[in-house]
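Peer 1: The structure is given below, and queries will be raised subsequently.
The values are calculated or read from the model by the stated rules, or taken from the named source; none is laboratory data. Everything quoted here is computed from the prediction, not taken from an experiment. With ideal geometry, Cβ positions are generated from the backbone for all residues, glycine too; neighbour counts draw on all protein chains shown.
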Amino acid sequence: MAELQNSKKTYTLASGDKIPAIGLGTWQSPKDQTINAVKSALQSGYRYIDTAFAYGNEEQVGEGIRASGVPREQIWITTKLDNPWHKRVAEGIDTSLKNLGVEYVDLYLMHWPCSTDPDDLQKHLPDWDFIKTWAELQKLVGTGKVRNIGVSNFGIKNLEKLLNDPSCKHTPAVNQIELHPKNSSPKLVQYCKEKGIHVTGYSCLGSTKLEIYKEPEVTSVADQVSKRIGKEVTPQQVMLQWGIQNGWDVIPKSVTPERIAANFALDGWSLEKDELEKVTSLGATESKGKMCGDDWLPIKVFFGDDY
């Protein structure tokens, strides 16, 4: 059995930078709990924190980083440009850097391929789209403010549109998308691989509305691995290991120190071929589900072509 040391595992981006295989997600982390969550994660061994301007907790993430005592240069920080800021990319990154209290971020993502009117969030800007936003993001390369630029929530259709535009001089380093056993998007993952775009998986543990950890395909694998290696492995750990072994980094969200530590405890074991296949089979069921849709956006960004 191959033993993966996931606490130290990284993926090399096109730039040569190495993104850790597991990080702490902070989407929906309450402000009053984010500082301690980030501090706990970094003191547990994490070296990767994911946030976004839209989460409203960049300042708390920065405070948690400083409280941890871990040097900034040892930490991978990802944040994101919010939809109403597409015309204000330079201002957007400066605002995020100020919020975080850092001089640069390792990865700056366009959060959604939607240029929302800041004066009316129900409207898309008539004279702007994500192609123009990417052109502005490209101007940040070499400024010292971002080490890498990328996208989030881009499907094949929008990636094709971006990559085929003459203004696209830099291929996105990363595409951060919803990835879990019930939404494995194999066509999109393969497309990104072919284009040299690394994939980050968010909502990798499902949610309170989609309790994947209770699925028999996952619980049976957790039991099987536990017996095989002689120590308890949880369904959540199985799902994280599944993502990492499929080639993407995972950013599970938690504000509980015990769960944060447990999510990181993936060293010394791996899933065997039949176990990986059993977890993957969940995506072939009729109950497979995408949790994060585009109904709240003024335009459609998902087209059902990524499976």
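Peer 1: Given the conditions (1) more than 21 Å from residue 203 (Cβ to Cβ); (2) assigned to a strand (DSSP E or B), which single one is not true for residue 135?
Peer 2: Unmet condition: (2).
Peer 1: Is there any pair linking a residue in region 265-293 that is under 28 Å from residue 152 (Cβ atoms) to one that is modelled with pLDDT of 90 or more and surrounded by fewer than 14 Cβ atoms within 10 Å (Cβ to Cβ), with Cβ under 8 Å and at least six apart or on different chains, and which?
Peer 2: Between residues of region 265-293 that are under 28 Å from residue 152 (Cβ atoms) and residues that are modelled with pLDDT of 90 or more and surrounded by fewer than 14 Cβ atoms within 10 Å (Cβ to Cβ), the close pairs are 283/186.
Peer 1: OK, next. Please count how many residues of region 222-260 are among the hydroxyl-bearing types (Ser, Thr, Tyr), crowded, with 20+ Cβ neighbours inside 10 Å and over 15 Å from the mean Cα position of the chain (by Cα).
Peer 2: Within region 222-260, the first condition is being among the hydroxyl-bearing types (Ser, Thr, Tyr), and the residues that meet it are 226, 234, 254, 256.
Next, from what is left, pick out any that are crowded, with 20+ Cβ neighbours inside 10 Å: 254.
Retained after the next criterion (residues that are over 15 Å from the mean Cα position of the chain (by Cα)): none.
Counting residues in region 222-260 that are among the hydroxyl-bearing types (Ser, Thr, Tyr), crowded, with 20+ Cβ neighbours inside 10 Å and over 15 Å from the mean Cα position of the chain (by Cα) gives 0.
Peer 1: Name the residues in region 108-122 that are over 26 Å from the mean Cα position of the chain (by Cα) and assigned to a strand (DSSP E or B), would you? Reasoning before the result, please.
Peer 2: Going through region 108-122, the residues over 26 Å from the mean Cα position of the chain (by Cα) turn out to be 119-120.
Residue satisfying the conditions is 120 alone.
Peer 1: Mind listing whichever residues of region 16-48 are assigned to a loop (DSSP other than H, G, I, E, B), more than 14 Å from the chain's Cα centre (by Cα), surrounded by fewer than 16 Cβ atoms within 10 Å (Cβ to Cβ) and at pLDDT below 95?
Peer 2: Across region 16-48, the qualifying residue is only 30.
Peer 1: Does region 52-89 hold any residues that are closer than 23 Å to residue 131 by Cα and under 18 Å from the mean Cα position of the chain (by Cα), and which are they? Break it down stepwise before answering.
Peer 2: Step one: of region 52-89, the residues closer than 23 Å to residue 131 by Cα are 52-54, 78-89.
Those that are closer than 23 Å to residue 131 by Cα and under 18 Å from the mean Cα position of the chain (by Cα): 52, 53, 54, 78, 79, 80, 81, 82, 83.
Peer 1: Another one. Do you know which residues across region 70-88 are among the hydrophobic types (A, V, I, L, M, F, W, C) and out of contact with any strand residue (DSSP E or B) (no Cβ under 6 Å at 6 or more places or on another chain)?
Peer 2: Result: 70, 75, 85.
Peer 1: Give me the pairs, please: first residue somewhere in region 104-122 and of a type outside the set (Ser, Thr, Tyr) and loosely packed, with under 15 Cβ neighbours inside 10 Å, second residue anywhere and modelled with pLDDT of 95 or more and part of a strand (DSSP E or B), beta-carbon distance under 7 Å, and either six or more positions apart or on two chains.
Peer 2: If the second residue must be modelled with pLDDT of 95 or more and part of a strand (DSSP E or B), no pairs are left.
Peer 1: Specify which of the listed residues (73, 59) is of a type outside the set (A, V, I, L, M, F, W, C), at pLDDT 95 or above, surrounded by 16 or more Cβ atoms within 10 Å (Cβ to Cβ) and assigned to a helix (DSSP H, G or I). Quick ask: steps written out before the conclusion?
Peer 2: Values: 73 fails: surrounded by 16 or more Cβ atoms within 10 Å (Cβ to Cβ).
Result of the check over 73, 59: 59.
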